[in-house]
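Remarks on the structure that follows.
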There are 2 protein chains.
Amino acid sequence: MLRSSVTNVLYAQAGGVSAVINTSLAAVIETVRAFPDRFGRLYGARNGILGVLHEDLVDLTDTGTETLERLQHLPGGALQACRFDLDPLEANPAQYERVYQVLKAHDIGVFLYNGGNGSMLTARKVADYCARRGHALQVIGIPKTIDNDLDLSHAAPGYGSAAKFFATSLLEAVLDLRAMYPTSTRVFLMEAMGRHTGWIALSGSLILDQLPDTPLLTLFAERPFDYAAFLPRVREAIDRHGYCVIVVSEGIRTPEGDFFAVARCNSQHVGWSQMGGAAMKLADWLRRDLDTKIHAAVPDYLQRSAAHLVSLTDWEMAFEVGRVAVEAAAAGHNGVLPVIRKISDEPFEWETSLIEIETVADLERPVPDDFITLEGYHATSKALDYLRPLVAGERPVPWHHGLPDLRPVTFPPVAKKLPGWSE
Amino acid sequence: MLRSSVTNVLYAQAGGVSAVINTSLAAVIETVRAFPDRFGRLYGARNGILGVLHEDLVDLTDTGTETLERLQHLPGGALQACRFDLDPLEANPAQYERVYQVLKAHDIGVFLYNGGNGSMLTARKVADYCARRGHALQVIGIPKTIDNDLDLSHAAPGYGSAAKFFATSLLEAVLDLRAMYPTSTRVFLMEAMGRHTGWIALSGSLILDQLPDTPLLTLFAERPFDYAAFLPRVREAIDRHGYCVIVVSEGIRTPEGDFFAVARCNSQHVGWSQMGGAAMKLADWLRRDLDTKIHAAVPDYLQRSAAHLVSLTDWEMAFEVGRVAVEAAAAGHNGVLPVIRKISDEPFEWETSLIEIETVADLERPVPDDFITLEGYHATSKALDYLRPLVAGERPVPWHHGLPDLRPVTFPPVAKKLPGWSE
């Protein structure tokens, strides 16, 4: 199955970014260099698959040491990450033909796609199309999602850092609240990202390690949100403790199954709604019913880009999936991605293992039932045991004029070989 | 003017807390010990002046080394900080008499009030009342406000850390935005605290040191917010750069002088409104007019409690005002507070100087005109020169199970000597 000749490698990023996705990129750059007999140039597509369609490529091969260092603490997607997917092959074969032409023109035999399940499945179809056109293409996925909803992986690279930021921020804000509640704010809400899952919301419960008596109520996207049943719980917390802390998954739904809050419906994409606003809406409802001072925080992008506060465990996972993806390509694999497999709890040890892209695509892993208490508002001790190792460890960042040094990196463009492209 | 005998000292916190107010407390505890011939016990009032009224005191004198260490990175108010002020003397002399009785009962000759201008002015009146009743009381203020609106001080302790968190978070989020805007979010808003001033909003402009080409528009509380004039600026940014970043002071007002957004009006406090919601409201308006994907972050308490990201400069200022306040008391001063005076720009050097409480009370320092460009949406280079030293330097925190170790500290209660009190 091994190729006999040297081939070029293409890397791209897709979907919502994270604080550590560029760490995976750094690992790819480093590891490709370890296989000079297998790999020639390493290209990056700007803006994911769109960069392939538009032949908008950069050359990552000769990335210098300083840039490589910088990538390892740079949030966002250094190559830009598209929220765009190819159409189904039967609906738009021209797209696939174009991708094939670009890959062939640049002698690309390996496509590393650092994205979500859907992007990887598309890439797999590109490989099939290329094979039919006589161009051998290996597709290897590199997982990343702060939502942690990647099935068959102990955790998704990106999640641990988001969880560390969310729990740290909640802990700090709750100390503020505890100082003020007798004469000021009595209810503090914080909104967690996660359209369909409550993984980030779950991480807020880590504050109980330090503040075990906190009246913390978590609204999980996995549980129907019944305001009428919830309100008495808030009243009870205030009566008993003087204050109440509420963590809200942005994607909570009413018992009827509708999203509780929607920032915007998309007219071009039926059935798709931008999440956001659940904490603010709930704060308004509680103000109406409790006549007390209420504050709400919506960290939004802050929770997925906090480079100054990444989890070392998460960072290592992000590096490792990048490294192993390249090794898998070198070994001739196709249509696989590395996932995280836990080896032991105490001490926490993990390894990567390769699985078929098809086995994860379109699966979505909710917070399991035994991570949420029966009445639905609290994390179980099993959940906390799961979370702690994922947020463990820190990685110092360099500083520049008082802020983390996150000056962007640039890469040289690759000369185009084909005419321009438009749909 | 020096007392001949040893007297006890009382310390209290009031008003909105910060990431470094407990650092001032730690400095007070340490410094009181340096004057055994002047000071006896050091007490803390729980929940500010309310703790005095209720004789709810703790003993800080024998605070151990570990607690002293912990205080230096603990956000919130370790003694709780009230949003409550005494009535005017003529309206409620019973309150002043009660305060006097409590101070006398515990032989308190020095009152250190770590709060805002209003609280300090009240404390000054307490001292006058006590003097009339034959009890000598020195009142020394210790400044703190993340809003940085303390007049006559180069900066207020608490501000530098809030600014560092705000600018860091904005920088990270903008890197996320830059990765996604071609196919996703095109406008990102972030809301800054500051009811009447735009000091924290101003700090967002520090991202220009690293991302000088960012299309950043800042809405200062000091400038009327005219949506009709603003909207074309957002369109222009999107047309030219593909995206737009907007920093919103929570306290922006319409050209008619009304707050743009109010979270809640307080029925018990005429004329007072809780700020919050400006970024969300503006995001809604922009969604309506631009039909594009918009995200908004509201860090809320996160920006004033981020213990894991304090500015070392700010931390040192907070420590120093605590230390100098005690020294001022030892030297016999009354009715003063230490403020920060800049000595030199390059290198940045500062010292504390004592000023009369009356000279700052009720003054409120807006962002000066030469810190804001003429059209009103940008910081000037003079503003950036002002900001950089204030956010400079870091101070590592200890960690506990992956989060900053912020486990609260406790202090032994002081036995009550008087009957209970109620209005």
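Any read-out appearing in this document is the output of simple, stated calculations on the displayed coordinates, not a laboratory observation. Owing to the predicted nature of the structure, the values given are computational and were not obtained by experimental measurement. Every residue, glycine as well, gets a Cβ built from its backbone with ideal geometry; the counts of neighbours run over all protein chains shown.
At a glance:
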{"item": "Cross-link pairs A:K144/A:K164; A:K104/A:K144; B:K144/B:K164; B:K104/B:K144 - those with Cα-Cα distance over 20 Å", "result": "A:K104/A:K144; B:K104/B:K144"}
{"item": "Sequence-distant residues sharing a close amide H with B:L219 (under 5 Å, placed H)", "result": "B:V247, B:V248, B:S249"}
{"item": "Hits among lysines - C-alpha to C-alpha of B:K281 under 19 Å, sequence gap 8 or more where chains match", "result": "A:K281, B:K293"}
{"item": "Charge dipole (debye, nearest 20) of the protein assembly as shown; +1 at Cβ of Lys and Arg, -1 at Cβ of Asp and Glu", "result": "180"}
{"item": "Angle between chain A longest axis and helix A:278-290 axis [Cα atoms, degrees, rounded to 10]", "result": "10"}
{"item": "Exposure proxy ranking, count of Cβ atoms within 10 Å, fewest first, for A:W350, A:W315, B:W421, A:W199", "result": "B:W421, A:W350, A:W315, A:W199"}
{"item": "Ascending count of other beta-carbon atoms within 10 Å, so fewest first, for B:T185, B:T313, B:T65", "result": "B:T65, B:T185, B:T313"}
{"item": "Across the identical copies, how the B:P396 labels are spaced - nm, sorted shortest first, 7 Å along Cα→Cβ", "result": "0.6"}
{"item": "Net length gained if the chain between B:K342 and B:D226 were fully extended (0.36 nm per residue, minus Cα distance)", "result": "38.2 nm"}
{"item": "Among beta bridges that DSSP assigns inside chain B, antiparallel share in %, nearest 5", "result": "35"}
{"item": "Only Lys, Arg (+1) and Asp, Glu (-1) charged, at Cβ; region A:159-303 dipole about Cα centre in debye", "result": "120"}
{"item": "Ranked list, fewest to most other Cβ atoms within 10 Å of each Cβ, for A:T122, B:T373", "result": "B:T373, A:T122"}
{"item": "In degrees, nearest ten, helix A:381-390 long axis to first principal axis of chain A (Cα)", "result": "40"}
{"item": "Degrees separating the helix B:21-32 axis from the principal Cα axis of chain B, which is the longest one", "result": "30"}
{"item": "Dipole of region A:290-352, positive end: most advanced residue of A:H308, A:A297, A:L337 [Cβ charges, Cα centre]", "result": "A:A297"}
{"item": "7 Å along Cα→Cβ, label-point gaps from A:K416 to other copies, nm, shortest first", "result": "8.1"}
{"item": "Per-pair calculated FRET efficiency, R0 = 60 Å: A:R388 and B:H135 via Cβ, rounded to 0.05", "result": "0.65"}
{"item": "Inter-copy spacing of A:G134 label points, which lie 7 Å from Cα along Cα→Cβ, given in nm from shortest upward", "result": "11.2"}
{"item": "Theoretical gain in end-to-end length, B:E97 to B:K416 [0.36 nm per residue, Cα-Cα removed]", "result": "113.2 nm"}
{"item": "Ranked packing of B:394-403, A:87-96, B:68-77, most packed first, by mean Cβ within 10 Å", "result": "B:68-77, B:394-403, A:87-96"}
{"item": "Three-way shape call for region A:233-362 based on the alpha-carbon gyration tensor, with the a/c threshold at 1.5", "result": "prolate"}
{"item": "For chain A, size of Cβ-based charge dipole, Lys and Arg +1, Asp and Glu -1, in debye", "result": "840"}
{"item": "Gap separating the Cα centres of region A:27-60 and region B:192-266, nearest whole Å", "result": "39"}
{"item": "Region B:374-409 residues near the modelled A:D405 label - backbone nitrogen below 15 Å, point 7 Å along Cα→Cβ", "result": "B:393-394"}
{"item": "Identity and axial distance of the chain A residue whose Cβ lies nearest the axis relating A to B, Å", "result": "A:V298, 2"}
{"item": "Separation of alpha-carbon centers, region A:92-117 and region A:344-368, rounded to whole Å", "result": "27"}
{"item": "Local electrostatic count at A:V102 - Lys and Arg +1, Asp and Glu -1, tallied over other residues with Cβ under 9 Å", "result": "+2"}
{"item": "Selection from B:F220, B:F166, B:T254, by position along the positive dipole direction of region B:164-323 (Cβ)", "result": "B:T254"}
